[in-house]
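Step one of this worksheet: look at the structure below.
The values are calculated or read from the model by the stated rules, or taken from the named source; none is laboratory data. These numbers come from a predicted model, not from an experiment. Here the Cβ positions follow ideal geometry from the backbone for every residue, glycine too, while neighbour counts run over all protein chains shown.
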Amino acid sequence: MNKIIKGYGVRVQKSVFECQIDESEKREMIAALKDILNKDEDTLRIQPCCQKDWHQILISGGPQPLEDKPFWLVD
């Protein structure tokens, strides 16, 4: 799963990615992940984050945040 998600965003923790993608890219990513997702062992969470919430995120260490626009947090 990591290889696929890395193509859409930036790893911010071992299995957490920030992905700035539109609805079409989100559907494409989900379709690719469904082919390899093991529902007994894997968990996929996709959470939208709006501009307002983006400005409230506190970051200490790790990679710098992506550009200032809406994104999806993929865990």
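Scanning the stretch 11-31 for residues that are in contact with a Leu (Cβ under 8 Å, 6 or more places away or on another chain) and over 18 Å from THR43 (Cα atoms) yields a single hit, GLN20.
Mind listing whichever residues of the stretch 7-54 are in contact (Cβ under 8 Å) with a residue 24 or more places away in the chain and exposed (fewer than 11 other Cβ atoms within 10 Å of the Cβ)?
First, pick out the residues of the stretch 7-54 that are in contact (Cβ under 8 Å) with a residue 24 or more places away in the chain: 8-13, 15-21, 26, 29, 32-33, 36-37, 42-49.
If the condition is that a residue be in contact (Cβ under 8 Å) with a residue 24 or more places away in the chain and exposed (fewer than 11 other Cβ atoms within 10 Å of the Cβ), then GLN13, ILE36, THR43, ARG45, GLN47, PRO48 are the ones that fit.
Taking the stretch 13-59 as the range and being modelled with pLDDT of 85 or more, hydrophobic (A, V, I, L, M, F, W, C) and not in a loop (DSSP other than H, G, I, E, B) as the test, the residues that pass are VAL16, PHE17, CYS19, MET29, ILE30, ALA31, ALA32, LEU33, ILE46.
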